[in-house]
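In what follows, a single structure is set out as structure tokens and then discussed.
The values are calculated or read from the model by the stated rules, or taken from the named source; none is laboratory data. Because the structure is predicted, anything quoted here is derived from the model rather than measured. Counting neighbours? That spans all protein chains shown, and the Cβs are built from the backbone with ideal geometry, glycine included. Heavy atoms of the whole protein, side chains included, go into the accessibility calculation; ligands, DNA and RNA do not. Shrake-Rupley method; radii C 1.70, N 1.55, O 1.52, S 1.80 Å.
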Amino acid sequence: MKKLNIGMIGYKFMGKAHSNAWKQAPHFFDVAAEPVLKVACGRHAGPLQEFADRWGWEEIETDWQKVVKRDDIDIIDIGVPTHLHHDIAVAAAKAGKHIFCEKPIALSYEQAREMYEAAEENAITHYLNHNYRRCPAVQLAKKLIDDGKIGRIFHWRGAYLQSWIVDPNFPLTWHLQKETAGSGPHGDLNSHSVDLARFLVGDIKRVSCLTANFIQERPLPDEEASGTFKGATKGSDTGKVSVEDAAFMLAEFENGALGSFEATRFAPGRKNYNYFEIYGSKGSLIFDLERMNELQFFSNEDPDDSQGFRTILATESSHAYVGAWWPPGHIIGYEHEFVHAVVDFLDAIVNKKIIEPNFYDGMKEMQVLEAGLKSAADGKNVVLS
Ligand code: SOE
């Protein structure tokens, strides 16, 4: 079988999720190519080497530019803070590497457009990892919509709520600074919801948004010991939070549906509450990531006396991806979505298929998100051009 060598840049939360996916994929699926964990890249050689040994990466490298230039690398896997995505992706595309990139795609629409153009000009396979699309219950939602079971869609109601920075002593990690993250939960979390909404409902044409900042100043982080969901401070110096803490956006879709998107990191009790409801002329759907094996479906076509939301456990082999895992009822988890993504990505490279979401979707999504921030700043509706 063809082998594809991976250079993975970033080795924290996403580095772990991606390494697991590359390793698990060939065990459970008939992959189109064998992924080879060639080189892991990060800034600090000590912890990077420990990571590489644990996950079976053959080599380590502390300079991403060297990884991108290597002739023996086929795939660049990007799992670093958002401000680094653009330069790595453009260089990787120019070097003819296929790209598996974490979300949100970039700091701005402009950067996303440049990434998309570089990828297309160099005819590489590009994928933007909105992992939740590859949850079997979400795939079932898509199938029910495409089969006409929901009818004409009237409403999207999305919420992505977390709570990991409610404590004012949580440090000023890269997620809370505009230069490194671009925006706060709007980019981090609403990006997922916008991606799911584009996948399930369609493109967005107009938005209106409010943002809030609850804590303006935070202690500086101990960079090495901090990460996503994990904060450690160093000394008593503080710095300014330069992104929003919450963003609530309303949207009109091109097909006329109306939607709402709530994103916050200030919802105690909500650890990773990625939730949506879809209402249509024939029925409705509800998904909650914290119960990710289930999809709730209401159908107007059921007899009046037995109508109600039914909970479908999406673990039959007829549900997307599930047949490769366990027998029905043996549920799967967060990490499986990443495995599904790498399986489809390898297939797209070898069989020259287009995989979605890709940098085009990332660009469209950034346009929506940017319009949301503009609306919040100007206090006006923004129509997408
Ligand atoms: C942090 O908010 C985060 O890790 C996001 O960046 C991920 O995309 C999301 O899936 C879980 O939460």
### Message
Given the -39500 (n - 2.57) contribution per DSSP H run of 4+ residues, what per-residue ellipticity at 222 nm results for the chain, rounded to the nearest 500 deg cm²/dmol?
### Response
-9500 deg cm²/dmol
#### Entry: Full-extension gain in nm, Lys234 to Lys178, via 0.36 nm per residue minus C-alpha separation
18.1 nm
### Message
For a Förster distance of 30 Å, can you work out the FRET efficiency between the beta-carbons of Lys271 and His155, rounded to the nearest 0.05?
### Response
0.70
### Message
Along the Cα→Cβ direction, 7 angstrom out, place labels at Asp63 and Lys205. What is the inter-label distance in nm?
### Response
5.1
### Query
What does the charge count near Gly10 come to, summing +1 for each Lys or Arg and -1 for each Asp or Glu among other residues with Cβ under 9 Å from its Cβ?
-1
### Query
How would you rank 328-341, 119-132, highest first, on the average number of other Cβ atoms within 10 Å across their residues?
119-132, 328-341
### Query
For Glu34, what accessible area in Å² do you get when you roll a 1.4 Å probe over the heavy atoms of the protein chains, rounding to the nearest 10?
70
### Summary
Place a point 7 Å from the Cα of Val166 in the direction of its beta carbon; the residues of region 253-290 whose amide N falls under 17 Å from it are 263-274
## Note on the structure
Taking a probe of 1.4 Å and leaving out DNA, RNA and ligands, region 3-132 shows per residue an accessible area in Å² of 41
### Message
What distance in nm lies between label points placed 7 Å from Cα along the C-beta direction at Lys380 and Ala324?
### Response
4.8
### Query
Expressed as a rounded percentage, what relative contact order does region 113-254 have, with Cα pairs under 8 Å and six or more residues apart?
27
#### Entry: Among the listed pairs Lys38/Lys240; Lys23/Lys66; Lys97/Lys240; Lys38/Lys143; Lys271/Lys352, those beyond 30 Å (Cα-Cα)
Lys38/Lys240; Lys97/Lys240; Lys38/Lys143; Lys271/Lys352
### Task
Subtracting the Cα-Cα distance from 0.36 nm times the residue separation, let me have the gained length for Glu224 to Asn20 in nm, one decimal.
71.3 nm
### Task
With a/c under 1.5 counting as rounded, go ahead and sort the chain into rounded, prolate or oblate using the C-alpha gyration tensor (a ≥ b ≥ c being the square roots of the eigenvalues; past the cut-off, prolate if a/b is larger than b/c, else oblate).
oblate
### Message
Let's see if you can work this out: charge +1 on each Lys and Arg Cβ, -1 on each Asp and Glu Cβ, no other charges. What is the dipole magnitude of the chain about its Cα centre, in debye to the nearest 20?
### Response
100
## Note on the structure
Checked region 76-203 against the a/c 1.5 cut and the a/b vs b/c comparison, axes a ≥ b ≥ c from its Cα gyration tensor; verdict oblate
### Query
To the nearest 0.05, what FRET efficiency results for Glu117 and Asn300 with a Förster distance of 45 Å applied to their C-beta separation?
0.50
#### Entry: Leading residue at positive end of dipole, the chain (Cβ point charges), from His192, Phe248, Ala159
Phe248
### Query
Rounded to a whole number, what % of the accessible area of the chain do carbon and sulfur atoms account for, probe 1.4 Å?
49
## Note on the structure
So His27 and Lys352, fully extended at 0.36 nm per residue minus their Cα-Cα distance, gain in nm 114.7 nm
